[in-house]
1. Suppose the filter is in contact (Cβ under 8 Å) with a residue 24 or more places away in the chain, exposed (fewer than 14 other Cβ atoms within 10 Å of the Cβ) and in the same structural domain as residue 130 (by TED's automatic domain parsing); does residue 198 pass it?
2. Checking the structure you have, find out if any residue of the range 115-131 is surrounded by fewer than 10 Cβ atoms within 10 Å (Cβ to Cβ) and either under 21 Å from residue 67 (Cα atoms) or modelled with pLDDT of 95 or more (or both).
3. Search the range 147-162 for residues that are assigned by TED's automatic domain parsing to the domain that holds residue 213 and pair each with any residue that is in a helix (DSSP H, G or I) and within 11 Å of ligand 1 (Cβ to nearest atom) when their beta-carbon atoms are under 7 Å apart and the residues are at least 6 apart or on different chains.
4. Give me the residue from the range 1-24 that is in a helix (DSSP H, G or I) and in contact with a helix residue (DSSP H, G or I) (Cβ under 8 Å, 6 or more places away or on another chain) and, out of that set, surrounded by the fewest Cβ atoms within 10 Å (Cβ to Cβ).
Ligand SMILES: Nc1ncnc2c1ncn2[C@@H]1O[C@H](COP(=O)(O)OP(=O)(O)OP(=O)(O)O)[C@@H](O)[C@H]1O
Ligand SMILES: [Mg+2]
């Protein structure tokens, strides 16, 4: 990259980050007040319209706050160099369990309670973890956590099955470890696979009509892996689901 390109990249990162910070304060006020009003005792004195409106303001405000955080995190990681990493020894099983619980809790919060025609149908997200207790990796914990959460978030989000099964597997390959997340959801067509790591690229949505997010999660995943001297690999096809695998040096 030339000096000019680097300067431009630096300036645009600064602008993005400034805009995001400017959005954070008003958003936390909108979210804080709407939450406080909603949780007030005697909420039932509001008309159904007012309650609905408050809930919607709070829901959309939280979504927006999540978008701003994602944007900030993407900018932070894309501006980092390997020397900026705060590496420690991380036990993988503990970390993957923590991320899996978070992903499920987040999914419960956002899953609409759509009445189902088949009451017996199982509804839910199940993350099966296969990871040895003693496996560890020398990495930046915050970044690794963001990477894992991104893979799980996508595995849940691009999946319209009633019962979502996700397999999270860690493996030791001597000098490297791999962490893979497998889902049986939407999958990705071969012509899109190479483009999903481009910033802001999202494949046309075909089941919800609107994709929540920026298209910044996978570029962040790739940046995070490369900062550690690692790689990201994807095997996927439409209708069959996807396997995203991150491979990182153990040390
Ligand atoms: N597990 C998956 N199954 C199917 N499609 C996926 C999966 N993961 C990513 N994709 C496709 O790749 C695109 C880019 O993914 P990415 O995580 O970068 O963005 P996003 O999830 O849409 O938004 P963001 O991560 O910013 O919230 C997605 O919009 C989706 O079309
Ligand atoms: Mg994503």
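1. no
2. No - not one qualifying residue is present in the range 115-131.
3. Between residues of the range 147-162 that are assigned by TED's automatic domain parsing to the domain that holds residue 213 and residues that are in a helix (DSSP H, G or I) and within 11 Å of ligand 1 (Cβ to nearest atom), the close pairs are 147/221; 150/217; 150/220; 150/221; 151/221; 153/217; 154/217.
4. 21
Residues are listed down the side, and each one gets a yes or a no for (1) surrounded by 12 or more Cβ atoms within 10 Å (Cβ to Cβ); (2) in contact with a helix residue (DSSP H, G or I) (Cβ under 7 Å, 6 or more places away or on another chain); (3) at pLDDT below 90:
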{"residue": "47", "(1), (2), (3)": "no, no, yes"}
{"residue": "86", "(1), (2), (3)": "no, no, no"}
{"residue": "137", "(1), (2), (3)": "yes, yes, no"}
{"residue": "147", "(1), (2), (3)": "yes, yes, no"}
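The values are calculated or read from the model by the stated rules, or taken from the named source; none is laboratory data. All values derive from a computational prediction rather than experimental measurement. Ideal geometry is used to build each Cβ from the backbone, glycine not excepted, and the neighbour counts take in all protein chains shown.
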